[in-house]
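First up is the structure itself, then whatever we jot down about it.
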Amino acid sequence: MEPAPELVSLVDKVLADVAAFDSSSANPLEWATRDPGLQFTGPDPDEWITGYEQIVAVMSAQGAELRQAGGLRFAIDESYGWKEGSVGWVICRGRTYVGDAEPLGSKLTVILHEEGPYW
């Protein structure tokens, strides 16, 4: 196991892409794998989404709702990335902002698999 600061940078970019998601523009999730194992889980117990197409559909709907609420922004206070072979993971702790509402404490775990030259 070794530190993976490049994966922390990748997750920072992913969070920026998620915050900026606009279904009417170029797809900011183009980088994501099409592997059937792609999974997204959110803070709601029912937010369990499998597959690229379904994740993009949910993000499109939520993106419109979030824009109406004043936008979405993430502030990361701590991030750590590790990798071993073709598997990597990043954990983050920070805050999520929706519009002008008080920030919500947030935690995030991202598990990555290297596919050729890409994570």
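Bear in mind that the values in this text are calculations on the coordinates, not laboratory data. In this text, all values refer to a predicted model and were calculated from it rather than measured experimentally.
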Principal-axis tilt of helix 5-19 within the chain, Cα atoms, nearest 10 degrees: 20
Extension gain, GLN62 back to MET1 (0.36 nm per residue minus Cα-Cα distance, nm): 18.4 nm
Long-range HN-HN contacts of SER106 with modeled amide H, under 5 Å: GLY94, ARG95, THR96
Using alpha-carbon coordinates, inclination of helix 52-68 to the longest axis of the chain, degrees: 40
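Evaluate the relative contact order of the stretch 2-113 (contact order divided by residue number), counting alpha-carbon pairs under 8 angstrom at least 6 apart; express in whole percent. Walk me through the numbers on the way to the answer.
Working: 169 pairs, mean separation 29.0, N = 112.
Worked out over the stretch 2-113, it gives 26 percent.
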Volume per residue of the C-alpha convex hull in the stretch 1-90, rounded to whole Å³: 121
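Kindly provide the helix-only [θ] at 222 nm of the chain, computed as the sum of -39,500 (n - 2.57) over DSSP H runs of four or more divided by all residues, to the nearest 500 deg cm²/dmol? Walk me through the numbers on the way to the answer.
Details: 2 runs with 32 residues, N = 119.
Only helices count here, giving -9000 deg cm²/dmol.
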